[in-house]
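Working notes, structure below.
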Number of protein chains: 2
Amino acid sequence: MPASTDRPGFRPAPPVRPTMKDVAAAAGVGLKTVSRVVNGEPGVSEDTARRVRSVIDALGFRRNDGARLLRQGARTGSVGLLLEDVADPFYSQLSRAVEEVVRAHGSLLLTGSSAEDSARERELALGFCARRVDGLVVVPTSADHAYLAPELTAGTAMVSVDRPMPGLDVDTVLADNRTGAATGASHLLRQGHRRIGYLGDAPDIYTAAERLAGYREAMAAAGCPVEEPWVAMGRPDPLELRFALARMLTGPEPVTALLCGNNRTTVAVLRELAGRVERPALVGFDDFELADLLAVPVTVVAQDPALMGRTAAELLFRRLRGETAAAQQVVVRTRLVPRGSGELTPPATR
Amino acid sequence: MPASTDRPGFRPAPPVRPTMKDVAAAAGVGLKTVSRVVNGEPGVSEDTARRVRSVIDALGFRRNDGARLLRQGARTGSVGLLLEDVADPFYSQLSRAVEEVVRAHGSLLLTGSSAEDSARERELALGFCARRVDGLVVVPTSADHAYLAPELTAGTAMVSVDRPMPGLDVDTVLADNRTGAATGASHLLRQGHRRIGYLGDAPDIYTAAERLAGYREAMAAAGCPVEEPWVAMGRPDPLELRFALARMLTGPEPVTALLCGNNRTTVAVLRELAGRVERPALVGFDDFELADLLAVPVTVVAQDPALMGRTAAELLFRRLRGETAAAQQVVVRTRLVPRGSGELTPPATR
DNA sequence: CCTCCGTGCGACAACGTTGTCGTCGTGGGT
DNA sequence: ACCCACGACGACAACGTTGTCGCACGGAGG
């Protein structure tokens with residue numbers, strides 16, 4: 001835990017908030033009467049209510065929901081969202097969809113980015129639970145999540161999105177990664193490509209592994225042996241990527257097409273290709289803005305992050321409404337969007 | 001408030017969480033001893049501590065931070081972030097930066113999108129305050145925010161980003177919108193353009209108004225009268241945009257260059273231009289991914305959303321640390337990034 | 001006149017935790 | 001043998017709120 005110990009040189013007497021007691025005293029009424037007014041309960045004369053309300057405005061009183069929740073033992077009306085990085089367009093779209101649903105249910109949203117670091121994810125998740133969120137929507141790292149089991153049995157709803165949650169049996173929303181990647185690869189094969197490279201994220205990430213598998217399956221089904229230099233997996237590092245691409249695109253038998261395992265990789269590859277002479281065909285997994293406006297519009301296997309987020313959030317609230325069925329898995333279909341880059345044919349046939 | 005009244009047909013006895021009392025009973029110790037163990041306070045023998053810890057693990061006990069905070073009257077270690085739309089890249093980058101700083105201070109982040117709707121913003125802000133967030137980072141709508149004054153005096157720190165907060169004197173982080181837009185316009189003027197169109201967001205949005213003013217200033221300084229059909233302000237609506245562009249680009253005296261007031265407008269314009277024959281020069285306000293990889297790379301006036309977010313969050317924590325100086329305004333500079341589209345010369349001179 | 005009831009309101013406990021303070025037992029010093 | 005200090009622990013109040021209950025008052029009905 002990153003030292004919340006702000007060694008406070010000198011904290012200037014944090015101004016205190018008025019409580020119901022203060023309001024009651026100022027209005028010359030009992031505490032409970034204020035409570036009644038604040039909550040719109042009956043049993044208060046309009047005269048008294050008016051007086052109390054004016055004092056409330058004058059003092060700027062706001063009910064302390066923490067205390068309220070403690071007393072009522074009710075739900076907190078808040079949901080935690082844990083993902084890899086809010087700034088990634090895939091997650092930011094997912095995030096918006098989740099937020100929309102959460103808001104529609106009158107709840108508030110806590111957001112945290114794990115940066116793919118399981119310790120950080122854990123810290124955030126437990127922090128959310130300590131705040132007693134009603135539920136958790138998680139894009140889990142590959143680490144074991146059994147530490148969340150007590151929360152689950154304690155009634156905290158949980159849904160996993162984009163990846164399964166290892167070690168915990170919860171509702172899960174996934175894209176059809178394997179099929180999608182296979183579709184992308186097949187599409188390239190159909191254009192006559194035989195030597196197709198694959199660039200993806202680190203293979204400990206579920207989606208990366210699934211998509212790689214999809215690629216391999218499609219290649220195998222087409223009778224195309226995959227040579228190892230054609231596959232590059234890892235966190236998108238510009239330098240590594242440059243080497244990998246050089247490896248794939250040069251030599252006696254260069255690849256004529258590329259399948260990119262995700263958003264960031266696709267963009268990084270495009271940027272790298274801009275500085276090279278080769279113009280391999282390219283299909284990207286996951287759509288991105290402006291893909292259609294590039295010099296060669298980019299063919300993608302599009303996911304639907306908004307639908308995934310919405311579905312996940314709705315599953316969560318279904319649980320919160322009391323649904324007790326066994327954990328289910330929802331697979332959201334991907335869709336091939338041909339735009340040009342994936343329809344380039346291999347040089348020999350050009 | 002959107003009916004948090006889930007008419008619960010039948011709520012299946014929400015499983016209860018173990019409390020310290022339960023742990024104490026199960027471990028055969030006093031309540032306070034459990035508290036001591038949980039908080040790592042001294043005065044517990046290692047034997048007892050071990051026993052308590054094992055019971056804690058067995059029951060899956062987690063301290064209830066709500067109760068803790070209530071008791072301690074301390075800060076909640078949470079910060080609210082209110083912006084227009086998490087899915088907008090500008091805000092999602094800002095958001096990440098804020099989150100980073102918040103995390104570094106050991107706090108949690110509540111996020112809410114106002115969708116530019118002041119009622120929704122208010123609802124979210126008050127919801128955050130009811131949860132007793134320590135501070136609020138807000139991208140405010142243009143509505144009056146005086147309703148937050150009680151929170152401010154009650155000690156909730158507040159910082160306004162991207163726009164000033166009307167009706168409330170708080171630290172504010174802004175981009176130099178006016179200068180930036182003027183720079184963009186001047187850049188086009190320098191290429192020989194005299195008829196330059198401006199497309200921006202609704203003028204009740206501070207940044208939109210400022211940037212429009214910057215454009216007008218630059219035009220005036222160059223002695224170029226702005227004709228009204230050249231200016232189109234409003235929420236980005238594809239159809240409106242099409243009409244506006246048609247108006248600007250056709251007729252006897254069409255504009256030869258465009259200045260776009262923001263991210264979304266720039267992209268929408270690019271998309272629209274892709275279907276037209278005219279190729280006006282173009283400068284966009286706010287950078288966006290892939291701007292450099294388009295057929296004609298797009299010249300932009302780049303903002304630094306991450307710096308803005310970081311600055312805002314740091315100002316917030318400075319206040320929380322007790323800083324009491326008068327509210328300050330930080331202006332983050334923009335930077336012209338020439339990439340091609342803004343260096344196109346007018347047809348006459350081409 | 002008294003009774004009965006409804007209305008308006010306040011006292012009090014409780015939610016789960018922590019700060020304060022008191023108690024108990026042990027061990028060392030005299 | 002006695003005292004005191006000290007370590008280990010628990011009882012209790014309090015944080016701000018709400019649910020329960022009871023009380024006082026006034027008017028209607030006998």
The conditions are (1) more than 21 Å from the chain's Cα centre (by Cα); (2) among the hydroxyl-bearing types (Ser, Thr, Tyr); (3) in the same structural domain as B:LEU109 (by TED's automatic domain parsing), and B:TYR147 fails exactly one of them. Which is it?
(1)
Within the group B:VAL86, B:VAL98, which residue is crowded, with 19+ Cβ neighbours inside 10 Å, among the hydrophobic types (A, V, I, L, M, F, W, C) and touching a Lys or Arg at 6+ places or on another chain (Cβ under 7 Å)?
B:VAL86
Yes or no: the range A:153-162 includes at least one residue that is surrounded by 21 or more Cβ atoms within 10 Å (Cβ to Cβ), acidic (Asp, Glu) and closer than 19 Å to A:GLN328 by Cα.
yes
Is it the case that the range B:126-133 has a residue that's touching a residue at least 12 places away in the same chain (Cβ under 8 Å), within 16 Å of DNA strand D (Cβ to nearest atom) and either among the aromatic types (Phe, Trp, Tyr) or surrounded by fewer than 17 Cβ atoms within 10 Å (Cβ to Cβ) (or both)?
yes
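Condition test on A:LEU136, is it outside the structural domain of A:ARG235 (by TED's automatic domain parsing), of a type outside the set (Ser, Thr, Tyr), part of a strand (DSSP E or B) and modelled with pLDDT of 95 or more?
Yes; evaluated as a whole, the condition is true for this residue.
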Among the candidates A:ALA312, A:ALA295, A:ALA291, residue that is farther than 24 Å from A:THR179 by Cα and touching a helix residue (DSSP H, G or I) at 6+ places or on another chain (Cβ under 9 Å):
A:ALA295
Does B:ARG103 satisfy the condition of being within 26 Å of A:LEU94 (Cβ to Cβ), among the charged types (D, E, K, R) and at the interface with another protein chain (Cβ under 8 Å from one of its Cβ atoms)?
yes
All positions within the range B:27-51 that are in a helix (DSSP H, G or I), within 12 Å of DNA strand C (Cβ to nearest atom) and more than 14 Å from chain A (Cβ to nearest Cβ)
B:LEU31, B:LYS32, B:THR33, B:VAL34, B:SER35, B:ARG36, B:VAL37
Out of all the residues in the range B:142-185, which are in a loop (DSSP other than H, G, I, E, B) and touching a residue at least 40 places away in the same chain (Cβ under 8 Å)?
B:SER142, B:ASP162, B:ARG163, B:PRO164, B:ASP169, B:VAL170, B:ASP176
Got a sec? Which of A:ARG71, A:ARG103, A:ARG63, A:ARG75 is within 16 Å of DNA strand C (Cβ to nearest atom), surrounded by fewer than 23 Cβ atoms within 10 Å (Cβ to Cβ) and free of Cβ contacts under 8 Å to residues at least 24 places away in the same chain?
A:ARG71
Against the conditions (1) more than 23 Å from the chain's Cα centre (by Cα); (2) assigned by TED's automatic domain parsing to the domain that holds A:ALA181; (3) free of Cβ contacts under 8 Å to residues at least 60 places away in the same chain; (4) farther than 19 Å from A:LEU199 by Cα, where does A:THR345 fall short? Just the number, please.
(3)
Here's a check for you: in the range A:106-131, which residue that is among the polar types (S, T, N, Q) and in contact with a helix residue (DSSP H, G or I) (Cβ under 9 Å, 6 or more places away or on another chain) is farthest from the other protein chains (Cβ to nearest Cβ)?
A:SER114
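The values are calculated or read from the model by the stated rules, or taken from the named source; none is laboratory data. Because the structure is predicted, anything quoted here is derived from the model rather than measured. Please note: Cβ atoms are built from the backbone with ideal geometry, for glycine as well, and neighbour counts cover all protein chains shown.
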